[in-house]
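Just below is one structure, and these are the notes that go with it.
The values are calculated or read from the model by the stated rules, or taken from the named source; none is laboratory data. In this text, all values refer to a predicted model and were calculated from it rather than measured experimentally. Cβ atoms come from the backbone with ideal geometry, glycine included; neighbour counts cover every protein chain shown. Keep in mind that these areas ignore ligands, DNA and RNA; they rest on the heavy atoms of the full protein, side chains included. Shrake-Rupley method; radii C 1.70, N 1.55, O 1.52, S 1.80 Å.
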Amino acid sequence: MNKLIQLENVTAGYDNGIVLRDVSISVSDQDFIGVIGPNGGGKTTLIKLILGLIKPVSGTIQRFDDQQGSFIGYLPQQSHIDRKFPITVQDIVLSGLMSAGTTFNRYSAADKKQALDLLGQMGIGHLARRTAGELSGGQLQRVFICRALISSPKLLILDEPNTFVDNRFEHEMYELLQQFNQKMAIMIISHDVGTISYFVKTIACVNTYLHYHPSNIITEEQLAGYNCPLQIITHGDVPHTVLQKHDHSFDHEHGHTHHHEHTHE
Ligand SMILES: Nc1ncnc2c1ncn2[C@@H]1O[C@H](COP(=O)(O)OP(=O)(O)O)[C@@H](O)[C@H]1O
Ligand SMILES: [Mg+2]
């Protein structure tokens, strides 16, 4: 296990006040961390710190970047793009390579094939030649996930990727992420603890303070103890609840325990 990121006793915020206090967490190369917490709790701020977009007021952030290949692939919380800009879906995906030093329109045949392969895996290979304006919000979100992935980063960070994605694809997306996790660390932010806890390995609750929970099974009592008062939210007709009862059936393929979902009567 190689450490990629380490935050120690980080306090951070904006001009109008402190948002995160005394946060310590490390991210290693095989991690799949679900970051949960109420709206306004500081989840996106934590990501901005990891990306170096904002600086801490106190504490330290270390990035163990060996400079070989791309370090972080990032899907922002709301990906905006001028939908009238006549860029094709394939070129949006390829633009994820630009930070790695590739100049526009100078992508190799291998890069283009990789973009098409990723789109195919996301179930939208047939849309590669379309422009952004022709896609639905959910389709565009999948394109942005491909863009975050194309540089084969060591750490993939997805900030609420399920926002525009329909239920059926959401499940598929998590399964794909589990496959990608064999090659990269993943941090996924969600306020839907019931769904992500199936797929992640560990959970970080962020609500001003950060409580790291070294398992994907978390009870309501633990959440309350972590000062992480999540609402039990519904997605369409399906209620996602925090799971108190679970069995410990072992998932051989992924090597961590799974649990069954229970809903309140
Ligand atoms: N650019 C900013 N300037 C000032 N305050 C901000 C900024 N971004 C976020 N905040 C505030 O910081 C707090 C945490 O926000 P955020 O990290 O986006 O939370 P989350 O992602 O958990 O919903 C909120 O109160 C929010 O209003
Ligand atoms: Mg956020």
Quickly work out the I87-to-T11 label distance, labels modelled 7 Å from Cα along the C-beta direction, and quote it in nm with one decimal. 4.0 nm
Solvent-accessible area per residue, Å², over the stretch 82-151 with all protein chains present [probe radius 1.4 Å]: 49 Å²
Express in nm, to one decimal, how much length is gained between Q78 and Q182 on full extension, taking 0.36 nm for each residue of separation and deducting their alpha carbon distance. 34.8 nm
Report the normalised scattering of the stretch 1-57 as log10 I(q)/I(0) at q = 0.17, 0.30 Å⁻¹, calculated by the Debye formula with identical scatterers on the alpha carbons. -0.56, -1.40
State in Å² the accessible area per residue of the stretch 1-66; use a 1.4 Å probe, count heavy atoms of protein chains only, and round to the nearest integer. 47 Å²
Please give me, ordered by residue number, the trypsin sites (Lys or Arg not before Pro) of the stretch 25-99 that lie in loop per DSSP and have at most 13 other Cβ atoms within 10 Å. R83, K84
Roughly to the nearest percent, how much of the accessible area of the stretch 82-151 is carbon and sulfur, given a 1.4 Å probe? 51 percent
Over the Cα atoms of the stretch 82-151, compute the convex hull volume and normalise it per residue, giving Å³. 79 Å³
Return the whole-Å distance between the Cα centroid of the stretch 115-188 and the Cα centroid of the stretch 1-74. 22 Å
Under the 7 Å Cα-to-Cβ spin-label approximation, T202 and I217 lie apart by a distance in nanometres of 1.8 nm
Per-residue accessible area for Y212 at 1.4 Å probe radius, Å² rounded to 10? 90 Å²
